[in-house]
1. Does Ser356 satisfy being among the hydroxyl-bearing types (Ser, Thr, Tyr) and surrounded by fewer than 24 Cβ atoms within 10 Å (Cβ to Cβ)?
2. Just to be sure before I move on: is Ile346 closer than 18 Å to Ala178 by Cα and under 34 Å from the mean Cα position of the chain (by Cα) in the structure I sent?
3. With the checklist (1) exposed (fewer than 15 other Cβ atoms within 10 Å of the Cβ); (2) closer than 29 Å to Val69 by Cα in hand, flag the one item Ala301 doesn't pass.
4. Hey, among Glu661, Glu632, which residue is at pLDDT below 85, open to solvent by 10 Å² or more (accessible area, probe 1.4 Å) and not aromatic (Phe, Trp, Tyr)?
5. Please determine whether any residue of region 485-507 is aliphatic (A, V, I, L, M) and over 25 Å from Leu342 (Cβ atoms).
6. Look through region 15-51, keep the residues that are surrounded by fewer than 10 Cβ atoms within 10 Å (Cβ to Cβ) and of a type in the set (Gly, Ala, Ser), and return whichever of them is modelled with the lowest pLDDT.
7. Would you say Thr310 is touching a Pro at 6+ places or on another chain (Cβ under 7 Å) and open to solvent by 40 Å² or more (accessible area, probe 1.4 Å)?
8. Considering only region 267-277, state which residues are loosely packed, with under 14 Cβ neighbours inside 10 Å and within 31 Å of the chain's Cα centre (by Cα).
Amino acid sequence: HHAMFLEPQEKKRSMKALVVKQAKKTCSCTPAKVKDYVFSFFPVLQWLPKYKPREYLLGDIMSGVIVAVLLVPQSIAYSLLAGQEPIYGLYTSFFAGIIYFMFGTSRHISVGIFGVLCLMVGQVVDREIQRAGYDLEPADPGVLTDAAAYLNTTISPANHTSQELLCDKSCYAIRVGATMTFIAGVYQVAMGFFQVGFVSVYLSDSLLSGFVTGASFTILTSQAKYLLGLDIPRSSGIGSLISTWISIFRNVHKTNICDLITSLLCFLVLIPTKELNEHFKSRLKAPIPVELVVIVAATLASHFGKLRETYDSSVAGHIPTGFLPPHPPDWNMIPNVALDALPIAIIGFAITVSLSEMFAKKHGYSVRANQEMYAIGFCNIIPSFFYCFTTSAALAKTLVKESTGCRTQMSGMVTSLVILLVLLVIAPLFYSLQKCVLAVITIVNLRGALRKFRDLPKMWHLSRVDTVIWLVTMAASALISTEIGLLVGVCFSMLCVIFRTQRPEAPLLGWVAESETYESLSAYKNLQTKPGIVVFRFEAPLYYINKECFKSTLYKQTGVNPAWVKAAKKKAAKRMLKEKEVDSGGNQTNISMDFVSEPLGFHTIVIDCCAIQFLDTAGIRTLKEVCKDYGEIDVQVLLAQCNPSVRSSLIRGEFFKEGEEHLLFHSVHQAVDFA
């Protein structure tokens, strides 16, 4: 055996030099560096001067207008989900589009209201409203509470001079929503600043998909009461889905027949038209704006049919025009909502970053994940001063935006301008719009998430572990709560990774004829084995969690446990000694002698370490014990194909005795030849 000599690279790890170098790089300030920083922080300064109106403008205008047509009814509908008045949903969509236009790097994603985040905001809003002493029923302006005093900037003096400057339930709800949105935005900007985008890697595709599907059940449940026209309090906390359905069935005899018929008619129009949109999307230049048509038709029917006065149908109510003066979040409320804002921030940036990277890859350009975190953070921080709630990218609207000719971020600005027109002129016309129509729009838009059940067989075929993660996250998000469901999903997916390294595959290997390749005997036929040599591969890192699994699997695969062999030899030796002393005859002694000298069937074990990424102290100790134990029964253990990290760990852990370093082999074939 000729030892192969590899000279290691010199590693200069001077922490002081590294810190000084980084500090110089960070603290240096030159005009070029300032310019680069400003241009990277405001991507609009990079792409807007290069904008080609003849090539891009038509597609951007078309996609922007179409997304706005879809976004207006959804903004009004999702406001109910977030526990807010309809006007605040329009504010949110307006500001999100403008701010992402300035800070975003993705040309295609549509940033605005997202159903799952609205649900999470709404749950916190309901909890804080109850804590503050407000009922979940419509607010009575004559009732004063401890939280009633409020700054006069919340109500425009020009429009409401006769009203008391007090904070009613809807005013307090937007205070909660805006404060939580501000904190979520701060978290997201902090994640971008400290470059902790790696947090999103713990949210796998299967986990996010399961979470969104589970939250969709909660969204559907929260909107069911509007379909029936029931006036029941919104359940929150653990098990809210079950408690809400119990309340619905207990009050089902109070169903408003007018709302129920309206809901059924809307379903009959929306679902077939949505299916047609999807079926013929390749032929249609733009999807049919069925939601807007339904809202206009339902508003006219409700107004001229006097459905509110005749049948006591619940309507959207007055939606004011214009903007309210900006107002800072409620700083005193931050301790109450700071923890609730964390999962909202993580889900918001994870979905935004994943969608932006997906569409950038599809269209051949690059996005900066860190800048996307800044963008979505500022899409929450700045609008929180203008009575808005949390936003993120949304898949459905992004797909529409892409398919209708979007070329740049200018499309988002067009969408905001259309929403501005609605805010300034059209919004009050939706006074008579029934809430059940908004609930139908919300539920119909959940079809995509609920259809994931159809993909389960395919997912199961591809990866059973991912399917189980999806099911666990979905069930926890639906049956327990959205926040706990997300935490359960993350913990369960991490446990799955640990379990897979705890009990990994560990096959014996055979030699492929006329080659130097060794493969698993359990996976392939016609492999050969060398007499007296066992080749074993452990397909995971060797560390404290799986060290016992490593030893037990090795003993099982080789069929020899050194401790048992030594114990059997000692026992046989004692019996021999006893039989000699008693002088009881030759047969028993011969049997014992045969047992003691019975060959093991092999003299060398080669451990293929190519799949062992790292060793910890427990792993090094385990390898030492295995070598020592097998050595005591005259079986040598050789290591092959160790990566540099494992080699370094073995040398630092004094695995080899002096002069034995050459027994670390660079290939299994080399180790077998040596044996």
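The values are calculated or read from the model by the stated rules, or taken from the named source; none is laboratory data. This structure is a prediction, so every number in the text was calculated from the model and none was measured. Glycine also receives a Cβ, built like all others from the backbone with ideal geometry; neighbour counts cover every protein chain displayed. Please note that ligands, DNA and RNA were not included when accessible areas were found on the heavy atoms of the full protein model with its side chains. Shrake-Rupley method; radii C 1.70, N 1.55, O 1.52, S 1.80 Å.
1. no
2. Details: closer than 18 Å to Ala178 by Cα: yes; under 34 Å from the mean Cα position of the chain (by Cα): yes.
Against the criterion (closer than 18 Å to Ala178 by Cα and under 34 Å from the mean Cα position of the chain (by Cα)), Ile346 qualifies.
3. All conditions are met except number (1).
4. Glu661 is the lone residue from the list that is at pLDDT below 85, open to solvent by 10 Å² or more (accessible area, probe 1.4 Å) and not aromatic (Phe, Trp, Tyr).
5. Yes.
6. Ser28
7. Numbers: touching a Pro at 6+ places or on another chain (Cβ under 7 Å): no; open to solvent by 40 Å² or more (accessible area, probe 1.4 Å): yes.
In short, no.
8. Answer for region 267-277, where residues must be loosely packed, with under 14 Cβ neighbours inside 10 Å and within 31 Å of the chain's Cα centre (by Cα): just Glu275.
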